[in-house]
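Only one structure is covered here, and it is reproduced in the block below.
The values are calculated or read from the model by the stated rules, or taken from the named source; none is laboratory data. Bear in mind the structure is a predicted one, so any value in this text is a computation, not a measurement. Every residue, glycine as well, gets a Cβ built from its backbone with ideal geometry; the counts of neighbours run over all protein chains shown. Just the protein is used for accessible areas: all its heavy atoms, side chains included, with ligands, DNA and RNA removed. Shrake-Rupley method; radii C 1.70, N 1.55, O 1.52, S 1.80 Å.
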Amino acid sequence: MRFTVERSDTCHHAVLCIDTDLPARMTRLLFDYVEAEGRDWQHLLGFGIRPLTRDPHLDWIRQLGPLAETHGEFTDSAVENCGFPALLKIRHPARTGDQDVTWDEVARENGVTISPSSMWWDLAVTNDAPPPQDRFDARDDRFGTPLEGAEGLAGIGALFEVLAGHTSTPEEAFGAAFETSGLAWNSYGPGPDHSVASYTGNPDARVHPQLTAVPASQICSPEVDLGRTMKVLQTTVIDAPAMSGLASGRFRGVDALWPDGREWLVVTDVDWEYSLLGCDRGTAEAVLAAEGVEAVELG
């Protein structure tokens, strides 16, 4: 089998030629698969995802796993073992209408003393009952609840602007995403006219509902365990929030992000109303001073 790429009559496309002795239906499948892969990547590029071209530092990330296991237990030992000089909690804002509301504002309105280790259920008033509330269902009567996990993190655009300025590689970053099956199935597939090439042993059949060849971009991403097993995708620091708009399923964006320079690591979880940021002192001071980011230092 021999592949050649020739120029097309436009400056934006190329012609792929396959010279093979395979049966015609197999050759058609190869063309369908390559076409599906091209459509797939065209779609993914629009949402901040890039082809993986760098070592994503999985061994380094695995060593930092304890950072993702400190949910609600911000002890001195947890902070000391986070792997960075500083550990910050980034509180996801609540929303009333079109306005973001900080945790500090909610605490003042509810007459609650807030500390860096306070959780949302320590602040919320539900059905006029004072806090603390049920940690698994803490909605405030007036302020609702912050967006959780990747979706909440993606909404803090100012944070990514600061982080992009505190790495030597703002254009090379890696995002870990939970439930990436949503990339293909909930957004634009499956089906022969979307991003999945269907195949069958019957040369006269166009679609077989039981057999689909998922593009390689969906199945070849490495995995890392940061509290949950997640797929690792390449992106840029500024583009990472755009990934939250990729799919309507359980994939909601980046649950962890780190630059190729490894200066910092930000982690959240589908059940967290906040994110954790491990970083150096300079980055910590910049994030703490940034407008539009409600950050507190732990420890």
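Assorted remarks:
- Residue in region 185-200 that is under 30 Å from ARG25 (Cβ atoms), open to solvent by 20 Å² or more (accessible area, probe 1.4 Å) and at pLDDT 50 or above present: no
- Residue in region 128-138 that is touching a Pro at 6+ places or on another chain (Cβ under 9 Å) and open to solvent by less than 40 Å² (accessible area, probe 1.4 Å) present: yes
- Against the criterion of being at pLDDT 90 or above and either in a strand (DSSP E or B) or under 16 Å from GLN63 (Cα atoms) (or both), VAL254 does not qualify.
- The lone exception for ALA213 - which of (1) modelled with pLDDT of 85 or more; (2) under 29 Å from LEU22 (Cα atoms) it fails: (1)
- In the set (1) among the aliphatic types (A, V, I, L, M); (2) open to solvent by less than 10 Å² (accessible area, probe 1.4 Å); (3) at pLDDT below 90; (4) in contact with a helix residue (DSSP H, G or I) (Cβ under 6 Å, 6 or more places away or on another chain), ALA177 fails one condition alone, (4).
- Count of region 140-174 residues which are modelled with pLDDT under 95, outside any helix (DSSP H, G or I), within 14 Å of VAL266 (Cβ to Cβ) and open to solvent by less than 30 Å² (accessible area, probe 1.4 Å): 0
- Any hit, region 27-35, residues being open to solvent by less than 70 Å² (accessible area, probe 1.4 Å), touching a Gly at 6+ places or on another chain (Cβ under 8 Å), hydroxyl-bearing (Ser, Thr, Tyr) and modelled with pLDDT under 90: no
- In region 67-95, the residues that are touching a helix residue (DSSP H, G or I) at 6+ places or on another chain (Cβ under 7 Å) and open to solvent by 30 Å² or more (accessible area, probe 1.4 Å): ASN81, GLY83, PRO85
- Residue count for region 96-116, restricted to those that are surrounded by fewer than 20 Cβ atoms within 10 Å (Cβ to Cβ), in contact with a Ser or Thr (Cβ under 9 Å, 6 or more places away or on another chain) and closer than 28 Å to PHE160 by Cα: 1
- Within region 118-127, being closer than 13 Å to ALA107 by Cβ and either open to solvent by 40 Å² or more (accessible area, probe 1.4 Å) or in contact (Cβ under 8 Å) with a residue 24 or more places away in the chain (or both) holds for MET119, TRP120, ASP122.
- Subset of region 41-65 (residues that are assigned to a helix (DSSP H, G or I) and either at pLDDT 85 or above or more than 21 Å from ALA150 (Cβ to Cβ) (or both)): TRP41, GLN42, LEU58, ASP59, TRP60, ILE61, ARG62, GLN63, GLY65
- Once region 66-107 is narrowed to residues that are among the hydroxyl-bearing types (Ser, Thr, Tyr) and outside any loop (DSSP other than H, G, I, E, B), the residue that is nearest to ARG139 (Cα to Cα) is THR96.
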